[in-house]
Amino acid sequence: MRDRTRHRNRFHHTMKRDLLHRDRPQGGRRSGKVFRIALAGNPNAGKTSLFNALTGQHQHIGNYPGVTVEKKIGFFNTQDISLEITDLPGTYSLTAYSIEEVVARDFVMYEQPDLIVDVIDSTNIERNLYLLLQFRELGVPVVGVLNMMDEAEEKGIQIDHEQLGTILGIPFVKTVGHRGTGVQELVDLLLSLARGEETIEGRPVNYGRELEGQREDLVAELALDPSFSSQFSLDWMAIKLLEEDEDAIAKVKGSHFQAEQIIEHAARARTWIKRHFNEEAGVVVAEQRYAYIHGAVRETVKKKRPRHRITTTERIDRIALNRFGGLFVFFAMMFLVYQFTFAIGNPLSDLIDAGFGALGQLVTTLLPASLLRDLVVDGIIGGVGGVLVFFPLVMLLFFGLAFLEDTGYMARAAFVMDHFFHLFGLHGRSFIPFMIATGCAVPAVMSARTLVNPRDRIITVLVTPLLMCGAKSPVIAMLAAAFFPEKSALIFWLVWLAGWLIAFTIALVFRRTLFKGEAAPFVMELPPYRMPTFRAMVQHMWERGVLYLRKAGTIILAASIVLWFLLNFPQRTADTLPVSDPQMAQVEQTVAVDTAMDENKALQDDLVYSYAGRIGHAMEPILRPAGFDWKIGVALLSGAAAKEVIVSTMGIVYGVGEADPDQEASAERAPLRERIASDPTYSRATALALMFFVLIYFPCIATLAVVKKELGSWKWSAFLAVYTVIVAWALAVTVYQTGVLFGLGA
Amino acid sequence: MQIGFLSESLEDYLEVIFRLLQKQKVARVRDIANLKDVKTSSVVSALQRLAKEGLVDYKAREYVDLTPAGRQLAFRLYQRHTFLKRFLTDFLQVDHETAETDACSMEHAISVTTLDRITAMSEFLSYSPDVEKDLIDGFRDRWLAHLHKQKQGHKDSDGENGKDGIVALSSLKAGQSGYIIRIAAADDLRLSLIRRGVLPGASIHLLEKLASGSLMVRLAGERMELQKGDAKAVLIRPQVERSSDTAENGETVRTLADMTPGCAFRVKRVTSSGEIRARMNDMGFIRGAEGRILREALLRDPIEVELAGTLLSLRRLEATTIVVEELDA
């Protein structure tokens, strides 16, 4: 035990600190002891609803230290005791192949909860017990919850849970989580275990004489290191070594003083098993586990003929997964989610945008003109507004996604689309982020969490921002309208399509280069259709929304202020003019001829004088091959905050005042459009190149912030920013030069 | 025999404590006395002697622990015991209870030299390097079959194919495998075959019979052609069980990907490895599991399968790693 404290501290550090301050029993009532429970189970076993039923509102969401796997902790308090319940990620097994599984088993190993509650989908008891047995091997007492008993009975499955408990040496409780049936019995059992009124004997899996002999030998050798044996369950470790579990091997190498001999011993044992069973040791272990379960189930579970020969799920799937009809159902569902997100979300976003605009106006009139006022209005109010405009989209999208997940349709959507997406090295579930990205990349990146495999998730996150989103479209529409007045719609749709093509191509390139190797398995469960509860969907939506505000919001706000600074500093004073740069002076001259309005001129001068203006100038030589001058450079810089800002910044640099993106994109008469269409430095080749550049380059700051949050590292955000700029530049240069070659240069 | 300097009885004590500590984390004097069936007083005196040697941690208390040195020594004793026992069970096919008691007596009775040899042989037979794998497996299978037959009291005898079911390679069907038992030919032919790798003990797989009468075989992982005459001289023991599931051979092996919607199947074998294999295990694709193919997606990929009551989807590519037999729906 002493040796464990060191380990526990390392893993505990971040979590413990949080917990002590926020989540200890409410109201400062810290009397009595805390009984720590880990809630485990297969995905779709109803773990979440049971967690909610147990803990109510006393929940706290965070991440497991060092990984992006979410961690929820909840409490159940009584007079004398507090149950601290940690929701482990839903898994089918405890291999070392996925982060979720490693997180779950590491939590049990290092945190040593007092009890594991394993939630079982009673309609599929054998596969669910497979996980339960693996948890028990970790050396912590386990309680089994036979959830979804109503569905099991519907299917004609009857479980003698007491007999099953006797055979496995584990207490079982029957529940129907979403109705709350059986929850009281579970609570009673947990409390009496917590008070020590009951104990669980526990009985290890018997793997049969051959495997047990090999395991025993390994355990004997593992036990030679007392500090190792105090950290890990040796029975578990020995089985994992037989399964050739890489994480277990690493743990032995890392902390056992006789690691080499043990690794060699384990290899010999595996050879022995392979000779004996004519099958890999890992498979033999799995088969023995199933055989053990099968024996127990045969004694205790009766399967009568189900009441209905064809289940409701099968009835729905005959349409929803029909080879041809399935596609229509799929697009209908996606249309529904898309419309729900954007048809409701966009007006709300506009409302928030307008609200913050009005607030800015109000502050402008209230405060005297000063630097502070500019900071408050443009930096802070603008920045907070920039965070909140995405809020309704994120909330609605996750409500929609929760609907898809909870009904069981999400896995089917992946089934329908997988073949096509797999051609490009993606997963069927990548469709959702792609679809959402045509509206906005921020919720799209967040929705990539429906992809379980990290490689699929990263590739999807890296390419979805290339699609045409709601912010890029006014810029591209404006350019199309200005330079291709007759064919503007066609040009717009071509660019839109190009976004998809480029995204898929780059996905394929990434799969072939950065993420080489075997594709992640697609083998997955298609859960039975279930009626989602409104409460669960709202809860999911709310959690996502809050996480977005907390994690991404702060980053977006900070970045907006930095950008505001670049666009407004240094401040131009009377004596800093005239600008000495001859080129700039010349530009100002031409602009001065074109515009009469002083205010527009002042705005323009301010921008030219700012850091952003200077950077735009410095960038000109690089942008020249794409046909861009420094003005475009400045506009593109400002687009880092949000792409539609490009239009208004262009308005300023071209001296027509702040242009309205919507007006410029579609209205009959638009000052900026006319202004640049008549500008001799602009050709149709330039416009085309610019459209492609805007489409691809630098995802907005908000996107980078959520990428950081979703993938857990700035590394990927930086990579995304850099590679998109390079691709955009190369593409723009190609388009421009080709355009000039075909006579679009004038 | 002794490892190190202890008397047999002290070695026994050490082993007992080691085993107790495996099972229950603490060893009590009472438990040791129970297990050894002696009085606590004799346990205490033994413990005091062991403590003097620096092997156990015992200061006239109830609980006993091993020192690091004691643990190492006890482990070596334990290893010696299991080696002997495994030799008795695995090779001599002695039942476990007898093996347990015999190993106990043997470990004290035989000399270091003999024990070393037994250990080495047992190791060689169990974990020999891959080069000799076929040879050893062939030997083992034959030996085990021989023992089995003895136990059955020579019940079966197969007159037609010579004794012990040994046949000429030429009489095998394509797709069957066997172990080479011996080469019945004159010296020069035998030598030339042996030079080509046709060694007694090696496993041989008949790929096909060519029109010319010669045979294509796979031997030690390589394809090779044998003349009809040569093949007659190679006597083998056909391998009944393994011949039916040779995936590499490609014939009559049906995988899940070959089945059409509506077919019921039973899993015979899963050939993938690594992560995909682990997922297959988790989802219940294990030997003997039964299921049914429900449907395919638009481009016939992925497929939906019902397995033990749950609905699963998998890509066709993944389905090719699941060898199945078709069941009547």
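The values are calculated or read from the model by the stated rules, or taken from the named source; none is laboratory data. What you see is a predicted model; the values in this text were computed from it and never measured. Positions of Cβ are backbone-derived with ideal geometry, glycine not excepted, and every protein chain shown enters the neighbour counts.
Quick check on this structure: which one of A:S473, A:S488, A:S560 is assigned by TED's automatic domain parsing to the domain that holds A:L731 and either farther than 22 Å from A:R457 by Cα or not basic (K, R) (or both)? Reasoning before the result, please.
Numbers: A:S473 fails: assigned by TED's automatic domain parsing to the domain that holds A:L731; A:S488 fails: assigned by TED's automatic domain parsing to the domain that holds A:L731.
That would be A:S560, the only listed residue that is assigned by TED's automatic domain parsing to the domain that holds A:L731 and either farther than 22 Å from A:R457 by Cα or not basic (K, R) (or both).
Of (1) under 34 Å from the mean Cα position of the chain (by Cα); (2) in a helix (DSSP H, G or I), B:Q93 satisfies all except one. Which?
(2)
Out of all the residues in region A:186-202, which are among the small types (G, A, S) and in contact (Cβ under 8 Å) with a residue 60 or more places away in the chain?
Those that are among the small types (G, A, S) and in contact (Cβ under 8 Å) with a residue 60 or more places away in the chain: A:A194, A:G202.
Would you point out which residue out of A:V108, A:V117, A:V145, A:V205 is part of a helix (DSSP H, G or I) and touching a residue at least 60 places away in the same chain (Cβ under 8 Å)?
A:V108
Cβ contacts < 6 Å: first residue under 18 Å from A:K472 (Cβ atoms), restricted to region A:725-742; second residue outside any helix (DSSP H, G or I), any location; separation 6+ or different chain. Result?
Close Cβ pairs satisfying both conditions: A:V725/A:Y697; A:V725/A:F698; A:A728/A:Y697.
Can you find, within region B:289-305, the residue that is surrounded by the most Cβ atoms within 10 Å (Cβ to Cβ) among those that are at the interface with another protein chain (Cβ under 7 Å from one of its Cβ atoms) and among the hydrophobic types (A, V, I, L, M, F, W, C)? Spell out how you get there, then give the answer.
Quick first cut of region B:289-305, residues at the interface with another protein chain (Cβ under 7 Å from one of its Cβ atoms) only: B:295-299, B:301-302, B:304.
From what is left, the residues that are among the hydrophobic types (A, V, I, L, M, F, W, C) are B:297-299.
Values: B:A297: 26, B:L298: 17, B:L299: 13.
Looking at the filtered set, the residue picked out is B:A297.
Return the residues of region A:680-718 that are surrounded by fewer than 24 Cβ atoms within 10 Å (Cβ to Cβ) and hydroxyl-bearing (S, T, Y); say none if nothing qualifies.
Selection gives A:T681, A:Y682, A:S683, A:Y697, A:S713, A:S717.
Hey, does region A:263-284 have a residue that's more than 41 Å from the chain's Cα centre (by Cα), facing chain B (nearest Cβ under 10 Å) and in a loop (DSSP other than H, G, I, E, B)?
Yes - at least one qualifying residue is present in region A:263-284.
Given the residues A:S82, A:S49, which is the only one that is among the hydroxyl-bearing types (S, T, Y), assigned to a helix (DSSP H, G or I) and farther than 22 Å from A:N453 by Cβ?
Result of the check over A:S82, A:S49: A:S49.
In the list A:F484, A:F504, which residue meets the criterion of being touching a residue at least 12 places away in the same chain (Cβ under 8 Å), over 30 Å from A:N44 (Cα atoms) and buried (at least 19 other Cβ atoms within 10 Å of the Cβ)?
None of the others qualify; the one that does is A:F504.
So if I check each of A:V523, A:V463, A:V452, which one is within 14 Å of chain B (Cβ to nearest Cβ) and within 16 Å of the chain's Cα centre (by Cα)?
The conditions single out A:V452.
Among the residues of region A:178-219, what is the count of those that are buried (at least 16 other Cβ atoms within 10 Å of the Cβ), of a type outside the set (G, A, S) and in contact with a strand residue (DSSP E or B) (Cβ under 8 Å, 6 or more places away or on another chain)?
So the count comes out to 7.
Going through A:T300, A:T313 one at a time, which residue ends up being surrounded by 11 or more Cβ atoms within 10 Å (Cβ to Cβ), within 30 Å of A:G144 (Cα to Cα) and within 30 Å of the chain's Cα centre (by Cα)?
A:T313
Would you mind finding the one in A:E198, A:E185, A:E221, A:E210 that is farther than 30 Å from A:A259 by Cβ and in contact with a helix residue (DSSP H, G or I) (Cβ under 6 Å, 6 or more places away or on another chain)?
Being farther than 30 Å from A:A259 by Cβ and in contact with a helix residue (DSSP H, G or I) (Cβ under 6 Å, 6 or more places away or on another chain) holds for just one of A:E198, A:E185, A:E221, A:E210, which is A:E198.
Looking at A:T341, A:T364, A:T407, which one is closer than 17 Å to A:M446 by Cβ and either of a type in the set (S, T, N, Q) or free of Cβ contacts under 8 Å to residues at least 24 places away in the same chain (or both)? Full working, then the answer.
Details: A:T364 fails: closer than 17 Å to A:M446 by Cβ; A:T407 fails: closer than 17 Å to A:M446 by Cβ.
Going through A:T341, A:T364, A:T407 in turn, the sole match is A:T341.
Looking at (1) at pLDDT 90 or above; (2) touching a Cys at 6+ places or on another chain (Cβ under 9 Å); (3) hydrophobic (A, V, I, L, M, F, W, C), which one does B:L327 not meet, given that it meets all the others?
Every condition holds for B:L327 apart from (1).
On the given criteria, is A:P89 closer than 17 Å to A:R544 by Cα, touching a helix residue (DSSP H, G or I) at 6+ places or on another chain (Cβ under 6 Å) and either surrounded by fewer than 22 Cβ atoms within 10 Å (Cβ to Cβ) or without any contact (Cβ under 8 Å) to a residue 60 or more places away in the chain (or both)?
Judged against the criteria, A:P89 is a match.
Can you tell me how many residues in region B:306-317 are at pLDDT below 90 and within 7 Å of another protein chain (Cβ to nearest Cβ)?
3
Restricting to region B:252-284, give me the number of residues that are within 32 Å of the chain's Cα centre (by Cα) and more than 8 Å from chain A (Cβ to nearest Cβ).
15
Mind checking which residues of region A:245-262 are within 14 Å of chain B (Cβ to nearest Cβ), within 40 Å of the chain's Cα centre (by Cα), surrounded by fewer than 17 Cβ atoms within 10 Å (Cβ to Cβ) and assigned to a helix (DSSP H, G or I)?
Matches in region A:245-262: A:E246, A:D247.
Among what's in region B:110-122 and is in contact (Cβ under 8 Å) with a residue 40 or more places away in the chain and in a helix (DSSP H, G or I), pick the residue that is surrounded by the most Cβ atoms within 10 Å (Cβ to Cβ).
So the residue we want is B:L115.
Filter region A:120-152 for residues that are away from every other protein chain (no Cβ under 14 Å) and either over 20 Å from A:E198 (Cα atoms) or out of contact with any Leu (no Cβ under 9 Å at 6 or more places or on another chain) (or both); which is surrounded by the most Cβ atoms within 10 Å (Cβ to Cβ)?
A:N147
Do the conditions hold for A:A332, that is, is it in a loop (DSSP other than H, G, I, E, B), of a type in the set (G, A, S) and loosely packed, with under 15 Cβ neighbours inside 10 Å?
no
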